[in-house]
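Scroll down for the structure; my scribbles are underneath it.
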Amino acid sequence: MKTIFRSTVLVLFLLLSYFHSYCWGFYAHQKINYYAVFLLPPEMLVLYKPNITFITEHAVDPDKRRYIVKQEGPRHFIDIDHYGKYPYLDLPRNWKDAVAKYGEDTLNMYGIVPWHIQTMLTRLTNAFKEKDFGKIMRNSAEIGHYIADSHVPLHVSSNHDGQLTNQKGIHAFWESRVPELLAEKEFDFFIGKAAYIQNPGDFIWARVLESAQEADSVLSIERELTKQFTSDTKYSFEERNGKIIRQYSSAFTIAYNKKLNGMVERRMQQAIFAVASFWYTAWVNAGQPDLKELAKQNFSDTDIKEFDELNKQWQSGSKMIGREEE
């Protein structure tokens, strides 16, 4: 029994360690979805504002599902440097063309985030056409997650956690530690209004290429800054969620953010605008349906059961085969 318990604890520890090293972090994902709501026009705010808590909290559902559903992982990243050098013209932007050239297995191995965002846009557009409250809310929350991931430089690099340059942990440092320490006091998230996106594919590929260009800076700046700090000053023991943990020190984090010249804030701002604009584009493409009546609806028992089951499975760390959207 003790052996089984220890094995279970080890698996959960490794799972959670990997989880924290490979996502924006719950805080940033939720902030991005939250502030995106305020960029919407009044015709959409009538639905999104009363449901802002759901949109915010469920921004992290795709990350919870990554360790439960086999197909989920590739939707969060693309190791675009696998396909040559910037601007990676060997990689077709059209999904069918990319499959024809590389095969679906290869594409999934190296990530499919720019294509999956377009799939999610279609799902959200159809949900608006059907005036399906549950699907609108769920797809809105989740497309926000994938869009945010595409704005993270290390989500579009094969050196996604500095593992190739002896900088392991830099992924969570950039996208979790920096915003959690600085966003509330120093970042500005009120950035205008959502805009209609004429070509969503071109838009999201442009953001992916921007992320790819910034990946080297994320790594090189941390490496150079480390030379100015001792191990005792680069890291510190601080309280997090009621526990004392070892993490990048506040001094190192502040210095890193300054050296990045506001990159984390800028990418969060761009993600917020992109999320709101994709929501708006889906609504327009669906014919701008009246959302007032939908604002009075609640989630079905089936929806609630599904959300609860995802949360339970994620918390337990066990695996299951999840329901996929058509």
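Odds and ends about this structure:
- Tabulated pairs, segment 202-225, first farther than 23 Å from P92 by Cβ, second in a helix (DSSP H, G or I) and open to solvent by 30 Å² or more (accessible area, probe 1.4 Å), C-beta under 8 angstrom, 6+ apart or interchain: I221/K259; E224/K259; L225/K259
- Any hit, segment 230-240, residues being under 18 Å from the mean Cα position of the chain (by Cα) and within 17 Å of S176 (Cα to Cα): no
- Complete set of residues in segment 78-90 that are part of a helix (DSSP H, G or I) and open to solvent by 40 Å² or more (accessible area, probe 1.4 Å): D81, H82
- Counting only helices (runs of 4 or more DSSP H) that fall entirely inside segment 148-247 and contain at least 2 residues that are surrounded by 14 or more Cβ atoms within 10 Å (Cβ to Cβ), the qualifying elements are 178-186, 200-226.
- Of all residue pairs spaced 6 or more apart or on separate chains, those with beta-carbon atoms under 9 Å, a first member in segment 32-48 that is under 26 Å from V264 (Cα atoms) and a second member that is at pLDDT 95 or above and acidic (D, E) are N33/E57.
- Failed condition for D61, given (1) open to solvent by 60 Å² or more (accessible area, probe 1.4 Å); (2) at pLDDT 95 or above; (3) within 25 Å of F173 (Cα to Cα): (1)
- Single condition V69 does not satisfy, out of (1) touching a helix residue (DSSP H, G or I) at 6+ places or on another chain (Cβ under 7 Å); (2) in contact (Cβ under 8 Å) with a residue 40 or more places away in the chain; (3) buried (at least 17 other Cβ atoms within 10 Å of the Cβ): (1)
- No other residue among R75, R6, R93 is surrounded by fewer than 20 Cβ atoms within 10 Å (Cβ to Cβ) and at pLDDT 95 or above apart from R93.
- When A286, A255 are checked against the criterion of being modelled with pLDDT of 95 or more, surrounded by 13 or more Cβ atoms within 10 Å (Cβ to Cβ) and within 19 Å of M120 (Cα to Cα), a single residue qualifies: A286.
- Tally, over segment 100-127, of residues that are of a type in the set (V, I, T) and free of Cβ contacts under 8 Å to residues at least 60 places away in the same chain: 4
- Among the residues of this structure, K135 does not count as one that is of a type in the set (K, R), part of a helix (DSSP H, G or I) and over 21 Å from the mean Cα position of the chain (by Cα).
- Summed over segment 13-41, the residues that are at pLDDT 95 or above, part of a helix (DSSP H, G or I) and open to solvent by 40 Å² or more (accessible area, probe 1.4 Å) give a count of 3.
The values are calculated or read from the model by the stated rules, or taken from the named source; none is laboratory data. Just so you know, these numbers come straight off a predicted model, no measurement behind them. When we count neighbours, we look across all protein chains shown, and the Cβ atoms used for this are built from the backbone with ideal geometry, even at glycine. Each accessible area value is taken on the protein alone, full model and side chains, heavy atoms only, with ligands, DNA and RNA left out. Shrake-Rupley method; radii C 1.70, N 1.55, O 1.52, S 1.80 Å.
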